[in-house]
Amino acid sequence: QVQLVESGGGLVQAGGSLRLSCTASGLTFSLYNLGWFRQAPGKEREFVGAISWSDNNAYYADSGKGRFTITRANARDTVYLQMNSLKPEDTAVYYCAATRDAYGREYSRYAYWGQGTQVTVSS
């Protein structure tokens, strides 16, 4: 059974930082492309960024460019989302997801999802 478990969310002041983690089990982690998404109350789930399995190349939505960094540690079956210079509009539930499909921003590509972790940024 595949499981993705996010952690590291919490309450932070604007301008602060958080590092989210997502640990996987039940799959060959090193062969999966991984994505981060978020969903704010009343809004659709949106793409944050993704990292490939083959060359660790990462790319980001415009909202996080220059502030967010995605890395992965295959030996730990874990992917990270480092978020700096956080803004109140970053407040959302953050989800990680895994796919053997080509990585991308469409959430339909991703077969496995975590339960999410809440990030709240106060102004």
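The values are calculated or read from the model by the stated rules, or taken from the named source; none is laboratory data. Given the structure is predicted, the values throughout are model-derived calculations rather than measurements. Here Cβ is always computed from backbone atoms with ideal geometry, including for glycine, and neighbour counts include all displayed protein chains. The area values use the complete protein model at the heavy-atom level, side chains included, leaving out ligands, DNA and RNA. Shrake-Rupley method; radii C 1.70, N 1.55, O 1.52, S 1.80 Å.
Report the trypsin sites (Lys or Arg not before Pro) located in the range 3-47 that are in a DSSP loop and have at most 15 other Cβ atoms inside 10 Å of their Cβ, or state none. Intermediate values should be presented prior to the final figure.
Numbers: sites: Arg19, Arg38, Lys43, Arg45; in loops: Lys43, Arg45.
Hits after loop and neighbour filter: Lys43.
With the calculation restricted to Cα positions, what are the radius of gyration and Dmax of the range 43-96 in angstrom?
11.7, 35
Would you mind getting the accessible area per residue of the range 1-117, heavy atoms of the protein chains only, 1.4 Å probe, in Å²?
Values: 5970 Å² over 117 residues.
Per-residue accessible area for the range 1-117 comes out at 51 Å².
For the pair Thr69 and Ser7, what calculated FRET efficiency results from E = 1/(1 + (r/R0)^6), where r is the Cβ-Cβ distance and R0 = 22 Å, to the nearest 0.05?
For Ser7 and Thr69, the calculated efficiency is 0.80.
Wrap a convex hull around the Cα atoms of the range 70-123, take a quarter of its surface area, and give that in square nanometres. Provide the component values of the computation, followed by the final result.
On the way: hull surface 18.5 nm².
Across all orientations, the range 70-123 yields a mean hull projection of 4.6 nm².
Given a cut-off of under 8 Å on Cα pairs at least six residues apart, what relative contact order in percent is computed for the range 1-91? It would help to have the intermediate numbers written out before the result.
Details: 164 pairs, mean separation 28.2, N = 91.
Once normalised by length, the contact order is 31 percent.
What ³J(HN,Hα) values, in whole Hz, does the Karplus curve 6.51 cos²θ - 1.76 cosθ + 1.60 give for the range 74-81 when θ = phi - 60°, with x put for Gly and Pro?
Per residue, the Karplus-derived 3J(HN,Hα) values read 4, 5, 9, 6, 9, 10, 10, 10 Hz.
Please compute the Cα-Cα pair-distance distribution of the chain with 10 Å bins starting at 0, giving whole percents from short to long.
Result returned by the calculation: 15, 51, 30, 5, 0.
Suppose the chain between Ser17 and Thr120 were pulled fully straight at 0.36 nm per residue; how much longer would it get relative to their current alpha carbon spacing? All intermediate terms of the calculation are to be shown ahead of the outcome.
Details: separation 103, 0.36 × 103 = 37.08 nm, distance 1.12 nm.
Using 0.36 nm per residue and subtracting the Cα-Cα distance, I get 36.0 nm.
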